[in-house]
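Report on the structure given below.
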Amino acid sequence: MGVRKSIVLVSFFMLFLSLSSAYPKPRKQYKPCKHLVLFFHDIIYNGKNAANATSAIVAAPQGANLTILASQFHFGNIAVFDDPITLDNNLHSKPVGRAQGMYLYDTKNTYTAWLGFSFSLNTTAYQGSINFIGADPLMNKTRDISVVGGTGDFFMHRGVATIMTDAYEGEVYFRLRVDINFYECW
């Protein structure tokens, strides 16, 4: 009986090995169910531009000035924003909504931020919000952040947003191009 049991175990083991492969199955390529490209324009308050500023530093390292970004990669600065969203890269185009949220500079040795924000859209084409969250390594040409949900026309949508710094003027103004691919659309 011992030899027969060993043969059965070896046979089972060989069957198991033949069914499990060292080569992974090809990954399924997902196609987006919806795609948008939008721009948002951030003008940080610098103590002199209160009339047109759309963001402000609300926390800074000890002893820092809340109108000047901290030195050493802005580490420790937290800013909140309420920026206009446009369909093109022109700040003066008619806004289609607002980008609202916060970013915080979270690395001491390079320019990196962490983002948490929503796009609130109010146009004839789209009504609702899109929620984003993720790390933003600013020195990379393009960065991916997660789309974690939405409301209205974007109810429960999920996907990936590729962001790119489209333009900047010093540390006061920057424009982001946001290429949004939804992979779950309800």
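The values are calculated or read from the model by the stated rules, or taken from the named source; none is laboratory data. These figures come from a predicted structure and were not determined experimentally. Here the Cβ is made from the backbone with ideal geometry for all residues, glycine too, and neighbour counts use every protein chain on show. Areas reflect the complete protein model, heavy atoms only, side chains present, ligands, DNA and RNA absent. Shrake-Rupley method; radii C 1.70, N 1.55, O 1.52, S 1.80 Å.
So the values come out like this:
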item: Of all residues in the stretch 28-38 being in a strand (DSSP E or B) and open to solvent by less than 80 Å² (accessible area, probe 1.4 Å), the one that is farthest from residue 93 (Cα to Cα); result: 34
item: Close pairs from the stretch 75-100: first more than 12 Å from residue 122 (Cβ to Cβ) and in contact (Cβ under 8 Å) with a residue 24 or more places away in the chain, partner of a type in the set (S, T, N, Q) and loosely packed, with under 15 Cβ neighbours inside 10 Å, Cβ under 8 Å, at least 6 apart; result: 86/93; 87/93
item: Residue pairs meeting the criteria (Cβ under 9 Å; at least 6 apart or on separate chains; first touching a residue at least 60 places away in the same chain (Cβ under 8 Å), in the stretch 53-73; second among the charged types (D, E, K, R) and surrounded by fewer than 13 Cβ atoms within 10 Å (Cβ to Cβ)); result: 69/171
item: Scope the stretch 48-99; condition open to solvent by 20 Å² or more (accessible area, probe 1.4 Å) and in contact with an Asp or Glu (Cβ under 8 Å, 6 or more places away or on another chain); matching residues; result: 54, 69, 75, 89, 98
item: Selected residue [crowded, with 16+ Cβ neighbours inside 10 Å, more than 22 Å from the chain's Cα centre (by Cα) and either under 19 Å from residue 167 (Cα atoms) or modelled with pLDDT of 90 or more (or both)] from 45, 103; result: 45
